[in-house]
Amino acid sequence: MTDQACPIEWTPDLSVGIEAIDDDHKTFFVVADLMQSAIRENPQNLEAILRSSITILQEYVNGHFLREERAMEAAGYPKLAEHHALHEAFKATAHRFVEDFNKIVDHNEQKKAAQKLAEVVHDWVCDHIAKVDMAYKDFLKAEHVDSRPLAFLSQEADEGGDDDDFDLMSMIPGDGPQ
Amino acid sequence: MQDKVEIVFNILSAEYCLVLDPNPHYQRLVKEILRFGGPKNLEIEFAVDADHGLRLLREGSMHFIVMETKLPLEESIDFLMKIRKGRAKWNFDISLPIIGYADAFTPQEIYRLRDAGISELMIRPLSAATFFKCLKSASSRKFIETSGYCGPDRRRRLVMNYANKRRADDRAAELAEAAKAEEARLKAEADAKAALQAAAKAEEEKARKLEEAQAEAVRKKVQAEQLAREKAQAEAAVAAAAVAAAEMARNKAEAEAAAAKPDPSAMTQEELSRHLLKQKK
Ligand SMILES: [Fe+2]
């Protein structure tokens, strides 16, 4: 898809008719743009901003795909398997980008890698909505969709996330007066 | 799932939130996390410093605060204390959840922020999942007000996130640290046990030596007594021998005397009278 056909912001012609899914799609545009504008403005703590953006992007990708696939399953959508395969392929691509980004030490190389990742996410989402998601537009109905906020689905997609909690209290002696 | 019900209830009921961070990129990032991750119609106000934040809090009640804890640090701590200890001063809820974040924390910084009344802390990179875990944890926390401390119950744990590579690295470092600490603990335990054993052995040795010395003293006493007894016996034997010798000498003298003594029957009258006279004398 060309830049002309893929706007920076989400536009109503990209709507699949379900609010929760449209909101997810908007999020990808927003986070990709947030990364790109941070790279342009180059603030002092750019690396920290990029790392946070990438973390959130990954969480949202996982949460959103879970939301879509659950809805397709609930609706008995016939193309679920191939849609799922496309989601998995993109997850793998994104994962590789993130792994590469994490290995980079040089500031300018980090900027380039993050810029590339933001573009890949933006273009893929745009293209995927237009060509793949639109196919379920008339099939999926709101009642098939788990409309809880994306963060909750991300949490469920990232099973075992609780294990990563770390007890800060264990780092400091005593609990003080209560 | 119990957890889910709690999250939805606590977080989705929030309507107003204050984000205190002078960095516009983080303001946007936090906004996106909250807008797409959390309550649908949450209204977010942004403050760029502590005074600005307090002004916004006075103007309209907030349900929770998200803040950079290195505004710098002293400013963040001052902001927290002003809220938590301002029961008489402010018209807003001083017990509202306050979630803090920074790139890193020293234990000292965690200590100070906690004592100033922070509800939860997050390490950047920010993660939506951690964000909502923190909000959930913070909003179910009891609020404590004493003369020394005002803030959420510190006995509840704080949740800290580890994302991406840093998460793995920190986790590994943390595990290595824990393994090292465990090793040190085991060594200290073994050392203490060895020291105890050594002390017990020394004590035992001392008791054994004392016992030996006592036995030796007894043995020497018995020996001395034996010697004294033997000496006394020897002396007695010498005395007895002397008595015997005297007796013998006496007997011998008597025999000699007897031999020398004239037989009165064989004496002439003249000899007899001389003999009697001699005896009389
Ligand atoms: Fe999709």
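The values are calculated or read from the model by the stated rules, or taken from the named source; none is laboratory data. What you see is a predicted model, and the numbers here were worked out from it, not measured in a lab. With ideal geometry, Cβ positions are generated from the backbone for all residues, glycine too; neighbour counts draw on all protein chains shown. The accessibility values were calculated without ligands, DNA or RNA, using every heavy atom of the protein model including side chains. Shrake-Rupley method; radii C 1.70, N 1.55, O 1.52, S 1.80 Å.
Please determine, by comparing only the residues of the range A:133-149 that are touching a helix residue (DSSP H, G or I) at 6+ places or on another chain (Cβ under 9 Å) and charged (D, E, K, R), which one is farthest from A:Ala75 (Cα to Cα). Among those that are touching a helix residue (DSSP H, G or I) at 6+ places or on another chain (Cβ under 9 Å) and charged (D, E, K, R), it is A:Arg148.
Go through the residues of the range A:51-67 one by one and say whether even a single one is of a type in the set (Lys, Arg) and open to solvent by 60 Å² or more (accessible area, probe 1.4 Å). Looking through the range A:51-67, none of the residues is of a type in the set (Lys, Arg) and open to solvent by 60 Å² or more (accessible area, probe 1.4 Å). Taken over the range B:88-109, the criterion of being touching a Ser or Thr at 6+ places or on another chain (Cβ under 9 Å) and in a loop (DSSP other than H, G, I, E, B) is satisfied by B:Asn91, B:Phe92, B:Asp93, B:Leu96, B:Pro97, B:Phe105. Scanning the range B:112-130 for residues that are within 7 Å of chain A (Cβ to nearest Cβ) and not in a loop (DSSP other than H, G, I, E, B) yields a count of 4. The residues in the range A:125-143 that are assigned to a loop (DSSP other than H, G, I, E, B) and within 10 Å of the ligand (Cβ to nearest atom) can be counted, and the count is 1. Against the list (1) assigned to a helix (DSSP H, G or I); (2) within 16 Å of the ligand (Cβ to nearest atom); (3) more than 13 Å from the chain's Cα centre (by Cα), the condition A:Asn108 fails is (2). Of all residues in the range A:75-92, none are exposed (fewer than 13 other Cβ atoms within 10 Å of the Cβ) and of a type in the set (Lys, Arg).
Can A:Val120 be described as closer than 21 Å to A:Asp24 by Cβ, open to solvent by 20 Å² or more (accessible area, probe 1.4 Å) and more than 13 Å from the ligand (Cβ to nearest atom)? Judged against the criteria, A:Val120 is a match. Annotation note: of A:Glu59, A:Glu68, the sole residue that is within 9 Å of another protein chain (Cβ to nearest Cβ) and touching a residue at least 24 places away in the same chain (Cβ under 8 Å) is A:Glu59. Restrict the check to the range B:131-148 and report whether at least one residue is part of a strand (DSSP E or B), within 10 Å of chain A (Cβ to nearest Cβ) and either within 26 Å of B:Gly60 (Cα to Cα) or of a type outside the set (A, V, I, L, M) (or both). Yes; the residues of the range B:131-148 include at least one that is part of a strand (DSSP E or B), within 10 Å of chain A (Cβ to nearest Cβ) and either within 26 Å of B:Gly60 (Cα to Cα) or of a type outside the set (A, V, I, L, M) (or both). Of the residues making up the range A:74-98, those that are away from the ligand (no atom under 13 Å from the Cβ), away from chain B (no Cβ under 14 Å) and either within 19 Å of the chain's Cα centre (by Cα) or over 25 Å from A:Asp138 (Cβ atoms) (or both) are A:Ala92, A:Thr93.
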